[in-house]
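Notes to accompany the following structure.
Taken together, the values in this text are just the output of simple stated rules run on the coordinates, not laboratory data. All figures in this text were calculated on a predicted structure; none of them were measured in a lab. Virtual Cβ from ideal backbone geometry, glycine too; neighbours counted across all protein chains shown.
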């Protein structure tokens, strides 16, 4: 009986020793601090990684240096403005969507053949016939818009007779189907009669260097007759 109790006592002491060792008791019974299990607060705090200054610097893009401004110069040599205008006209020269060829010369052209409609973004849509005739001889009929002087070396040709000056009217009054006519030789007196003229057609936006007038269609006439 005494031996049995002693055996049980030894087993109890062994279990206690194992428990004390798990709680950090060692070195002659001295209690050593045990790292506690993480709580919800400490767990959330541990997942937050504070970047070092080196990492933070690596993620910040270097600032883009400001471009050096180009000085504006209005001291252009003689003829530069006209050269720039001519280069702009050449760069904006329209091309036909489908090239039209012609067997005869001059080619008969009507005002209702100028455009294929209007686009809200690009404006008037030039017809393939009009663009294909660029640089060729055409024959066209129309009326002279009210001029500004008694002797004309250029004028505006319109589809219908106008009763007002194009420079004194609004954009709503001025029609789209017009052509600026330049006389290759001499001058002409204003007339209200219908005109038939023959000349070289030029298509594309252009600004007249003398008058500042903007045009899409121009005719350099070498023959003009009142009907």
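Table for the structure above
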quantity	calculated
Label-to-label distance, nm, for residues given as residue 148 and residue 95 (7 Å Cα→Cβ offset)	3.6
Most to least packed among 210-217, 196-203 [average Cβ atoms within 10 Å]	196-203, 210-217
Linear extension gain, residue 208 paired with residue 223, 0.36 nm per residue minus alpha-carbon span	3.2 nm
More than 21 angstrom apart: percent of Cα pairs within region 94-226	39
Per-peptide average of other Cβ atoms within 10 Å, ordering 110-119, 185-194, 132-141 highest first	132-141, 110-119, 185-194
